[in-house]
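Below is one structure, written out as structure tokens; the observations come after it.
The values are calculated or read from the model by the stated rules, or taken from the named source; none is laboratory data. Here the structure is a predicted model, which is why all the values come from computation and not from measurement. Positions of Cβ are generated from backbone atoms using ideal geometry, with glycine treated the same way; all protein chains shown enter the neighbour counts.
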Amino acid sequence: MSNKARFTVYALAFGAFFTATSELVVSGILNFIASDLQVSFATAGLLITAYSAAFAVGTPLVVSLAARAERRKVLLGALFSFILGSFAASASTTIETLMLSRILLGVSSGVYLVVAFGAAARIVPPEKLGSAIGTIVLGFSSAMILGVPIGIAIAESLGWQAIFLLLGIVSAAFAFLLYRLLPKIEGDAPVPFRAQFKAIGSAVIIGALVLTFLRESGNSVLFTYMTPFLQQVLRFSISGVGVMMLALGVVGAVGSRVGGYGVDRWGATRVIASGVMLHIAALALLPLFSGSGFAGTLLLGVVVFAMFAVGPAMQSFFLQQAPQSANLILSLNTSVIHLGLAAGAGAGGAMLAGSSTLRYHPWLAAGVLLLGLGAGLIGFAKGRSLRTARSR
């Protein structure tokens, strides 16, 4: 990989950092927003729902409409929309205007992320695809480590509007840098709808999408309630929760880099299968060691490492399986991710209401992931059979 290509990939990762920060920071500042706009906490929580819905529905629609457009123009267009959404959010004085800005931010962030993955695949050698995707995923995970804590600190000192104002200003400067760095990349070649539908409807892709949905659902079962889980089950103090979340963010960043390297070294399917199996094993053991803070913390670290290591492998798998329809499939995958997160949060909430404890949530998460692994392995086996048949 040339130095310019490597630097461009890192620039794309910075964009992922900004867009992910705009998504994740809201959950940490809902109390500030609710108080300032004089709405209930539940009403303010709809800002997260609006973002996710816009991300899930708007991303595949916009990506499909812009499939043939030059990639740099699409990326810069998404960033321009993101900047507008950020400035609109910073100027919002009612929950309605803030909700509209969150919808714009959700769609633009989703389009940016999908096209960034596709652009990275075009500017790096095939043998470095995993590392490039892992770097962009690292940008997303870094938002958890740095973006969210910094955003909360800004909200406490300057007000929640300042976060979005800063994101808009920094993103505007970043857009100029990306314009100078990113080469012109042709859009997708015209592919008949029937051919795209056939690619999306193949057993290989469907199996991977089912794996994505169930994997994200399983993750959400536990991580939606991570703070109370740390406090009630692993007995962390309030200050200890903050330190632990920071540590888990660092572990996730390392996992995304290792996962990207593993794709280049051993292939996407091996990283996915081994990572999900490690993830399931750690989740299955977690309730058994909940009485030991050290063992529980260690197992939770393994869960986060495996979760983030599989992320680059999943994106790389879709890029490799259907390069002609990669942007459309990646956009559908992002929609499936958000649907899975919502389903997992609902399942976790129902289990909590029925059991009044979070101790056994990892077992529900492990069961859901096990179903996803089964679907993925069936799809992988089908893909191997097709490749074998074609080689004869």
What pairs come up if the first residue lies in region 208-227 and is closer than 12 Å to Met351 by Cβ and of a type outside the set (S, T, N, Q), the second is modelled with pLDDT under 90 and not in a helix (DSSP H, G or I), and their beta carbons are under 9 Å apart, counting only those six or more places apart or on different chains?
Leu222/Leu358; Tyr225/Leu358
From the option list Phe289, Phe305, single residue qualifying as assigned by TED's automatic domain parsing to the domain that holds Val233, closer than 16 Å to Pro362 by Cβ and touching a residue at least 24 places away in the same chain (Cβ under 8 Å) is Phe305
Among the residues of region 353-375, count how many are assigned to a helix (DSSP H, G or I), of a type outside the set (Val, Ile, Thr) and modelled with pLDDT of 85 or more.
14
With the structure loaded, tell me whether Gly340 is in a helix (DSSP H, G or I) and without any contact (Cβ under 8 Å) to a residue 40 or more places away in the chain or whether it fails that test.
no
Kindly provide the set of residues from region 48-76 that are touching a helix residue (DSSP H, G or I) at 6+ places or on another chain (Cβ under 8 Å) and under 22 Å from Ala173 (Cβ atoms), ordered by number.
Arg71, Arg72, Val74, Leu75, Leu76
Take the conditions outside any helix (DSSP H, G or I) and modelled with pLDDT of 90 or more and apply them to Ser92. Does it pass?
yes
Looking across region 32-52 at residues that are free of Cβ contacts under 8 Å to residues at least 12 places away in the same chain and closer than 15 Å to Ala155 by Cα, the single one that is surrounded by the most Cβ atoms within 10 Å (Cβ to Cβ) is Ala34
Does region 87-123 hold any residues that are of a type outside the set (Ser, Thr, Tyr) and either outside the structural domain of Phe32 (by TED's automatic domain parsing) or touching a Gly at 6+ places or on another chain (Cβ under 7 Å) (or both), and which are they?
Phe87, Leu104, Leu105, Gly106, Val107, Gly110, Ala116
Residue match in region 33-45 (condition: within 19 Å of the chain's Cα centre (by Cα), assigned to a helix (DSSP H, G or I) and closer than 30 Å to Ser256 by Cα)
no
State whether the residues of region 68-75 include one that is assigned to a helix (DSSP H, G or I), of a type in the set (A, V, I, L, M) and surrounded by fewer than 22 Cβ atoms within 10 Å (Cβ to Cβ).
no
